[in-house]
Amino acid sequence: MTFIPEDFDASSWENIEPYVDDLIQRNLSCSSCLEKLISDSSNLAEHISETGALLYIGMTCDTENETKKNDFLNFVENVRPKLSKFSDKLNRRIAEHPSVGDLPDRYDLMIRGIKSDIDIFREENIPLGVEQTKLVTKAQGITGGMTVEFEGEERTFPEMKAFLESNNRSVREKAWKSMVSRWMNDSEELSEIFDELIKIRHEIAKNAGFDSYTNYMFKAMHRFDYTVEDCLTFHNSIEKVCMPIVREINEKRRSSFNLEILSPWDVNEKSGSGPDIEGKNPLRPFDNVGEMVQKLSELFHKMSRDLGNKFDKLVEMDTLDLETRKGKAPGGYQYYLEKSRVPFIFMNAAGLQGDLETMIHESGHAFHSLYCGHLDLIDERNYPIEFAEVASMSMELLTQDEWKIFYDNDDEVNRAILSHLEGVVFLLPWIATIDAFQHWIYANPNHTREERTEYWLSLRDRFGSKMDWKDNEDFRELSWQQQGHLFGVPFYYIEYGIAQLGALQLWQTHRKSPEKALKDYENAMKLGNTKILPELFAAAELKLGFDEKHVDSLINEVKTAMAEVR
Ligand SMILES: [Zn+2]
């Protein structure tokens, strides 16, 4: 019998309260009582997490539905604050228990996290957290609702991406400008929300006794295994290693297009994607979501029976919402339903190669969740983000050999692989940009908007290519707004960089021995959150590193692989 009944409804505090009271008040004098307390609270946490997940999913699938939005906000405002208070009490019961030191080793990581959470917990930060979530939801509503009238139809931003790959430069320019002008209509409100968020976040840090939100967040995010200095080293390594290649690729694009200088509608600064430089038709790996799913099943079965079966399980469970439509929040994510132990995948597919990569990425997260689904406690399954993204980013690289399922000829497959590898080289500087921007923002919480713009532009120069921004400077100054992480999940971004370096190493193994790479993948993923970050890396025979030499050796192999498909 589980502590919480199977059909429990965790959407209201009234329902949760009796269980919480039990956990806080029960007698803990027997020898196994502490372990039972941990396991029962994990059971409760699974139910609450799943309820929160379903409410979030409901809202992001339908951002214009007021009821769904209110249901989610109600949970955020009424359940989560009481929950934080309860978690702190529970944490203290566990950490301060006289026999906590006698617990088996499997609890070590959990106790480390609990102690850190106790250190930073302040009751006065609870309402600030709620305020923060409300502002983030407001920003998401604004960006998710953006559409443009283009070629006689109302289109979502993900749908507009197809026009940015058009070989007709004036179509691209028109598409880009229509999106930018739509964005600029709301940019002032987004800036105001962001100003507000910075203020709240700095206050949260101060309340918890920190001089900066950066240091507070390193502790809150349980970044025990790397430092602020490591992040700065990472920025420098990326600048030195990747920027010459990025500039070279852009230069090639410029000369192929016979232009004086590239414009923002000739190449996506973040991903390096754009129209084909030889004027070939844009890659269209699938016509509809059904086709994408069916071919991906085939692809994963070709890689291994295990991955194939795992993917089919996702389809069977019917927890995929993949097609883009108006009112759906932008982007893609995988959300693990902790009670049912089922991964949910959300994305905005419109038939592009990038969409295929997103789906493979999110499938990697889902595989990770399935690999560690056997672990008992929610905490043991709650793998660190830095490693979560190894699961997803490596899957993008490891599947490359099988992309031929989606294309009629080798030329298209090679183009897809080349553009993906270029994307890897482009994304790292973008990650450095966003991370460096956040470090600056929270180190200087009282900055003016002018100073923020100035710093942002300096980063764009450091991690960007020469481009013609004439007449579009106002958008360039605010282009950070398009990175939703800055609003919703502060400091969450360097994880992609740390993970990409891990994913590239797994891919290096895969280039020599696919079987070994998949075995390494499985070995590490099934550990969930039961090892510290460097050990998770080591379980897949990867090194956790930030230095230039390490980055250089990985990017060199990317260069080799690019030459193979060119
Ligand atoms: Zn991811």
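The values are calculated or read from the model by the stated rules, or taken from the named source; none is laboratory data. It should be emphasised that the depicted structure is a prediction, and the values quoted were computed from it without experimental measurement. We place every Cβ from the backbone using ideal geometry, glycine too, and count neighbours over all the protein chains shown. SASA here: full protein model, heavy atoms, side chains in, ligands and nucleic acids out. Shrake-Rupley method; radii C 1.70, N 1.55, O 1.52, S 1.80 Å.
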Bridge type composition, the chain - antiparallel percent by DSSP, nearest 5: 75 percent
At most 15 other Cβ atoms within 10 Å and a DSSP loop assignment: could you name the GluC sites (Glu not before Pro) in the range 76-136 that fit? GLU96, GLU123, GLU124
What residues qualify as long-range amide H neighbours of LEU337, i.e. H under 5 Å apart, gap of 5 or more or another chain, H built at 1.01 Å from N? VAL342, PHE344
For HIS447, what is the net charge nearby, where nearby means another residue's Cβ is under 11 Å from its Cβ and Lys, Arg count +1, Asp, Glu -1? -2
Would you give the gap between the C-alpha center of the range 1-61 and the C-alpha center of the range 519-566, rounded to a whole Å? 36 Å
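Given a cut-off of under 8 Å on Cα pairs at least six residues apart, what relative contact order in percent is computed for the chain? All intermediate terms of the calculation are to be shown ahead of the outcome.
Details: 701 pairs, mean separation 102.3, N = 566.
It rounds to 18 percent for the chain.
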Skipping prolines and chain starts, which residues have an amide H placed within reach, meaning under 5 Å, of the one on ALA349, given they are 5 or more residues away or on another chain? GLU323, THR324
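What ranking, highest mean first, results for peptides 153-159, 369-375, 104-110 when packing means the other Cβ atoms within 10 Å averaged over each residue? Don't skip to the end; give the middle numbers.
Values: 153-159: 17.3, 369-375: 19.4, 104-110: 13.7.
Going by the mean number of other Cβ atoms within 10 Å, highest first, we get 369-375, 153-159, 104-110.
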Heads up, I need the accessible area for LYS252: 1.4 angstrom probe, whole protein in place, Å², nearest 10. 100 Å²
Go through the range 278-284 residue by residue and turn each phi into a ³J(HN,Hα) via Karplus (6.51, -1.76, 1.60, θ = phi - 60°); whole Hz please, and just put x for glycine and proline. 9, x, 6, 5, x, 6, 10
Which percent of Cα pairs goes in each bin when the distances of the chain are cut into 20 angstrom slices starting at zero? 19, 57, 22, 1
Treating only Lys and Arg (+1) and Asp and Glu (-1) as charged, each at its beta carbon, one finds that the range 13-121 has a dipole about its Cα centre, in Debye to the nearest 20, of 300 debye
Cys residues of the chain counted as unpaired, since no other Cys beta-carbon is under 4.7 Å: CYS61, CYS231, CYS242, CYS372
Tell me the accessible surface of TRP440 in square angstrom (1.4 angstrom probe, heavy atoms of protein chains only), to the nearest ten. 50 Å²
Net charge around ALA499, counting only other residues with Cβ within less than 12 Å of its Cβ (Lys, Arg = +1; Asp, Glu = -1)? -4
If one computes the Cα centroid of the range 105-156 and of the range 324-386, what distance in Å separates the two points? 17 Å
Of HIS368, ASN382, HIS439, which is farthest towards the positive pole of the chain's charge dipole, taken about the Cα centre with +1 and -1 on the beta-carbons of Lys, Arg and Asp, Glu respectively? HIS439
R0 = 51 Å: FRET efficiency of GLU149 with CYS33, Cβ-based, nearest 0.05? 0.20
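About the Cα centre of the chain, what is the dipole size in debye to 20, counting +1 per Lys and Arg Cβ and -1 per Asp and Glu Cβ, all else neutral? Intermediate results must be reported in sequence, preceding the final value.
Working: 66 positive and 99 negative charges, 155 e Å.
For the chain, the charge dipole is close to 740 debye.
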Determine ³J(HN,Hα), in whole Hz, for all residues of the range 445-461 in sequence, where each value follows from phi through the Karplus function 6.51 cos²θ - 1.76 cosθ + 1.60 and θ = phi - 60°; x replaces Gly and Pro. x, 9, 5, 8, 4, 5, 5, 4, 4, 4, 5, 4, 5, 5, 5, 5, 6
Extreme residue, positive dipole direction of the range 13-121, given options THR51, VAL79, LEU28 (C-beta unit charges): LEU28
Carbon and sulfur atoms account, in whole percent of the 1.4 Å probe accessible area of the chain, for 47 percent
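Heavy-atom accessible area per residue, the range 454-549, 1.4 Å probe: how many Å²?
Numbers: 3880 Å² over 96 residues.
Result: 40 Å² per residue.
Under a 1.4 Å probe, what is the accessible area of the range 13-121 per residue, stated in Å²? Mind showing how you got there, number by number?
Working: 5210 Å² over 109 residues.
Counting only protein heavy atoms, the per-residue value for the range 13-121 is 48 Å².
Go through the range 201-230 and name the chymotrypsin sites (Phe, Trp or Tyr not before Pro) that are in a DSSP coil and have 14 or fewer other Cβ atoms within 10 Å of their Cβ. Mind dumping the intermediate values first?
Working: sites: PHE210, TYR213, TYR216, PHE218, PHE224, TYR226; in loops: PHE210, PHE224, TYR226.
Taking the range 201-230 and a limit of 14 other Cβ atoms within 10 Å, no loop chymotrypsin sites (Phe, Trp or Tyr not before Pro) are found.
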Cβ crowding within 10 Å averaged over residues, with 356-368, 523-535 ranked highest first: 356-368, 523-535
How large is ³J(HN,Hα) for each residue in the range 504-515, as worked out from phi by the Karplus curve 6.51 cos²θ - 1.76 cosθ + 1.60 (θ = phi - 60°), to whole Hz, x for Gly and Pro? 5, 5, 5, 5, 4, 4, 4, 5, 8, 8, x, 4
Under 5 Å between amide H atoms, partner at least 5 residues away or on a different chain: which partners does PHE150 have, H built in plane at 1.01 Å? ARG155
For ASP355, what charge total do you get from the other residues with a beta carbon under 14 Å from its beta carbon, if Lys and Arg give +1 and Asp and Glu give -1? -4
